[in-house]
Amino acid sequence: MSIKVRRLSYALGASVTGVDLTRPLDDATMAEVHKAWLEHLVLVFPGQDLTPEQQIAFGKRFGPLDDHKAVPFYRHPEYPEIYLITNHKIGGKSSETKDTGRLWHSDHSFTTRPTMATMLYCREIPPVGGNTMFANTYMAYDTLSDTLKGVLEKLEAVHSIAYYTAGHLQDRNPEQIAQMRKASPPVAQPVVRVHPETGRKALYVSEMMTSHFVGMTPEESRGLLQFLFGHSVRPEFTYRHAWNVNDLLMWDNRCVLHMAPADYTHEHPRHMHRLTVLGTPCGRAYEEAG
Ligand code: OGA
Ligand code: MN
């Protein structure tokens, strides 16, 4: 089978057609898909009508899947590998995943085993909006001056769920937040991350998760971090996906930031099945000096 890959923007993103994900892909096709993914960072497979089993089977071809034990509240009732990003009521209550990802981030950068690939499968989408945006962080790194590259390569930055929840998740249940914080103490991540498969360097900080540089105060860090947050997501480094039902989309968290702008209202359903492909270790546990 020969797949058809079409670029969706200058910076990143490509659609893949000529594959049927209801059936196992042969190894040669899988290799083509994998190569396209490393090249385009975000792949969209439109028009795939998949059962949860079929989505899980495809996801597993990329690596072991998370069973979302750390955040069990929104797992699919029958498939722990599927996490629901939804604005449907769950158990009669308003969903707490309905506003997932409102700021730029890379999934699970607040752990020492950050997500390699995230796969989102669209089941329901508002008539307009409900988009997801992506930014190419290789480009963000490549376009910095050599002097700043040199400075950043020596730095680590602190990523934490505590920072994330303090600033941006006030609508969540406090008990869940306490549980999430306990499960994930702060970590120090390299500011410049070397992609384990391509060997390319990518900027690895985000407005959602990154509080300060290791060895500096938040005040000392703020100016440079703000610059990097803005620079990482310059419009020319991005792709904005307008979803159709049955789009399966996957991105590489090692070189991509993403966010979900609030470009719709919850009167319209938005329902996604998300899979998390675990990555290789990155970063280290961080303890505040003194
Ligand atoms: C995610 C996420 C954004 C979206 O699933 O990790 O950030 O558009 N989702 O739902
Ligand atoms: Mn996310």
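The values are calculated or read from the model by the stated rules, or taken from the named source; none is laboratory data. Note that the coordinates shown come from a computational prediction; the quantities given were computed from them, not determined experimentally. Areas reflect the complete protein model, heavy atoms only, side chains present, ligands, DNA and RNA absent. Shrake-Rupley method; radii C 1.70, N 1.55, O 1.52, S 1.80 Å.
Brief remarks follow.
- 222 nm mean residue ellipticity, helices alone, for the chain (DSSP H n ≥ 4; -39,500 (n - 2.57); rounded to 500): -7000 deg cm²/dmol
- Considering segment 96-197 at the alpha-carbon level, its Rg and Dmax are found to be 16.3, 47 Å.
- A probe of 1.4 angstrom, applied to the heavy atoms of all protein chains, finds residue 6 with accessible area near 140 square angstrom.
- Rg and Dmax of segment 201-290, based on Cα coordinates, read 16.8, 52 Å.
- Solvent-accessible area of residue 227 with every protein chain in place, 1.4 Å probe, in Å² to the nearest 10: 100
- Pairs from the list 4/149; 98/154; 69/93; 149/182; 60/201 with a Cα-Cα gap above 28 Å: 4/149; 98/154; 149/182.
- Per-residue SASA entry for residue 282, accessible area with 1.4 Å probe, Å² rounded to 10: 20
- Segment 1-66 versus segment 222-288: alpha-carbon centroid distance in Å: 18
- Taking all protein chains into account, the per residue accessible area for the chain stands at 45 Å² (1.4 Å probe).
- Accessible surface of segment 144-290 [probe 1.4 Å, protein heavy atoms]: carbon and sulfur percent: 55
- List 102, 222, ordered by accessible area with a 1.4 Å probe, largest first: 222, 102
- Taking 45, 229 and ordering them by how much accessible surface each has at a 1.4 Å probe, largest first, produces 229, 45.
- Each listed q (0.11, 0.14 Å⁻¹) maps to a log10 I(q)/I(0) for the chain, found by the Debye formula over equal Cα scatterers with no solvent: -0.64, -1.06.
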